[in-house]
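Please read the structure below before turning to the comments.
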Amino acid sequence: MSFTDIPTPANGFYVLVTGANSGLGLGIGTRLIDEFLQTRPQTESLVLIVTTRDQRKGDATIKNLEKHLRNVIRGYEQKLPGIAQVLQNRVYFRQERLDLLSLVSVQKLSKKLRETAPKIDVVICNAGIGGWTGINWPSAIWSILTHWPTAVTWPTYKKSGLGWVAKPQIAAEKMVEEPLLGEVFCANFFGHYLLGHYLAPLLARHPKSEKTRGRIIWVSSLEAYDHVFDMKDIQGIASSMPYEASKRLTDVMAITSTLPSTSDAVDQYLDHPRSSDKTSKPRIYVTHPGICGTAIIALPLVLEYCMIAAFYIARWLGSQWHTITVEKGATAMVWLALASQSTLDTMEAKEGVGKWGSSTDFGGQERVDRTEVAGWGWGGILGEYTRKGRDPYAKNVTKESQTRFVETGKKCWEEMERLRIEWEDRLRKAGVGIEME
């Protein structure tokens, strides 16, 4: 795609989704199309920017999205003849390459977007890896038979690789010493963290008169366990549960991003130290898809069907978190992307800053629910009422646990900014870093 082919429609709504070629990422893309056409005025167009690691996956993703759009338009055309052309001109697709395990790849994409996109409204940080090597089957079978809904909602029987590190960021001939970079940490969090920083100027291009903000939506998990997170091993290299540790880091960073204790680091990260009538400071939100069937952990086909069956049984036994399909799993991310800023601000003013999750009722009707975060609760409010869908091992929030949570958030933000700056300097000195300006 040449720069002249890049879609930049007037009154465009620009959404970037990482890892959009399959699973939840593709579900986010299709649901965005559906809800955008249903809820946004006809004068507004969606520009959906999808990232994949190679051209083949990118082409397949665009093909799938175009097929979905045609099916949606066909349904509208049957109800309202002549509407097809109007809707076709309201959705544009753009594909880009991104390897989150390569910091230079993140920089290259960011620079290209800064040169070619007039703004970005939403970045949905979805891509990631599990880092799992298998399943402890005796433990899994026993857990499911004795505690069915809990065992398939907060599983503890997945086996993870230990000591996994990303490939070197700098070629050996450059003779530059570089520290280890956790593979799961880099794919799930740090690559996205850098992407958000570099795209912050595009996200900030919302004058105060628009009464909205650019949004960075981090996709977390129900498995963001507090007990597996260690500040001394923030990258989870030595952890037996690096995926879960990376998601706990995601929760802590997102929720504390609005607090006074992290404001200096967050302002530096978002490159927005002062207010302006022409720009608005972006917001960071955290969400999760519930439990949906994806290929993030490889299973034989027969076991995939067994997994889906187990999810349905859990839903029928009362679990609200078993969304099962990726389209329903995308509910919370798409809602956060399209909801008005006043709606989000009003809800947070009433219930506090929290984690938004995709959920369903017994019959599979999807909705968005607040999700408890260990040490913070549902909204950081002491004494808040207990809600459905709680981890059975959760503890009530106390002033002490909340203080620890806030202090951990401050330390995490300081450490991530230190790590970001160090890697930028290292890449620059090696002559491989990409300058944004």
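Per-atom-type breakdown for the range 397-437 gives carbon and sulfur 50% of the accessible area (1.4 Å probe, protein chains only).
For the chain, the longest piece that avoids every one of the chymotrypsin sites (Phe, Trp or Tyr not before Pro) found in DSSP loops with at most 13 other C-beta atoms within 10 Å covers 1-361.
Here is the size of the range 58-138 from its Cα atoms: Rg then Dmax, 18.7, 59 Å.
Over 27 Å apart at the Cα level, from the set K167/K395; K158/K355; K232/K399; K67/K388; K63/K119, are K167/K395; K67/K388. Before I look further, what does the chain give for accessible area per residue, probe 1.4 Å, in whole square angstrom? In whole numbers, the chain has 45 Å² accessible per residue. Other residues whose C-beta falls under 13 angstrom from the C-beta of E366 contribute a net charge of -1, scoring Lys and Arg +1 and Asp and Glu -1. In loop segments of the range 338-437 as defined by DSSP, the trypsin sites (Lys or Arg not before Pro) with at most 12 further C-beta atoms inside 10 Å of their C-beta are K388, R390, K395.
Under a Gaussian network description of the chain, with springs only between Cα atoms under 10 Å, the residue in E96, E422, E400 that fluctuates furthest is E400. Please report the spacing between the Cα centers of the range 380-403 and the range 119-157 in Å, no decimals. About 22 Å separates the Cα centre of the range 380-403 from the one of the range 119-157. The heavy atoms of D99 present about 40 square angstrom of accessible area, all protein chains included, probe 1.4 Å.
Taken about its Cα centre, the chain carries a charge dipole of about 700 debye when Lys and Arg each add +1 at the Cβ and Asp and Glu each add -1 at the Cβ. Loop-located trypsin sites (Lys or Arg not before Pro) across the range 209-269 with a Cβ neighbour count of 12 or fewer within 10 Å are K211, with loop assigned by DSSP. Here's the picture: a label point sits 7 Å out from the Cα of L180 along the beta-carbon direction, and within the range 92-129 the residues with their amide nitrogen under 20 Å of it are 101-103, 129. Straight-distance candidates among the aspartates and glutamates for linking to K328, with alpha-carbon spacing under 17 Å and chain neighbours fewer than 8 residues away dropped: D34, E35, D361, E366, D369. Is the shape of the range 343-437 best called rounded, prolate or oblate, per the rule: a/c under 1.5 gives rounded, else a/b larger than b/c gives prolate, else oblate, with a ≥ b ≥ c the square roots of the Cα gyration tensor eigenvalues? Prolate is the answer for the range 343-437, as a/c is 1.5 or above and a/b outweighs b/c. Excluding W321 itself, what net charge comes from residues whose Cβ is under 13 Å from its Cβ, given Lys and Arg +1 and Asp and Glu -1? With Lys, Arg at +1 and Asp, Glu at -1, the neighbours total +2.
Can you give me the solvent accessible area of H147 with a 1.4 Å probe, rounded to the nearest 10 Å²? Result for H147: roughly 120 Å² accessible.
Looking at Q235, H206, P282, which one has the Cα that reaches farthest to the positive end of the dipole of the chain (charges on Cβ: Lys, Arg +1; Asp, Glu -1)? Towards the positive end, the residue furthest out is H206.
Quick check on the range 1-141: take the gyration tensor over C-alpha atoms, sort the square-rooted eigenvalues as a ≥ b ≥ c, and tell me if it's rounded (a/c under 1.5), prolate or oblate. In terms of gyration-tensor shape, oblate.
Answer rounded, prolate or oblate for the range 98-430, using the Cα gyration tensor with square roots of eigenvalues a ≥ b ≥ c: rounded when a/c is under 1.5, else prolate when a/b is larger than b/c, else oblate. Oblate is the answer for the range 98-430, as a/c is 1.5 or above yet b/c matches or exceeds a/b. Within the accessible area of the range 1-123, the carbon and sulfur atoms contribute 50%, probe 1.4 Å, all protein chains present.
With a Förster radius of 41 Å applied to the C-beta separation of T386 and K232, the computed FRET efficiency comes to 0.80.
The values are calculated or read from the model by the stated rules, or taken from the named source; none is laboratory data. What you see is a predicted model, and the numbers here were worked out from it, not measured in a lab. Neighbour counts are summed over all protein chains in view; Cβ atoms, including those assigned to glycine, are modelled from backbone coordinates with ideal geometry. The area values use the complete protein model at the heavy-atom level, side chains included, leaving out ligands, DNA and RNA. Shrake-Rupley method; radii C 1.70, N 1.55, O 1.52, S 1.80 Å.
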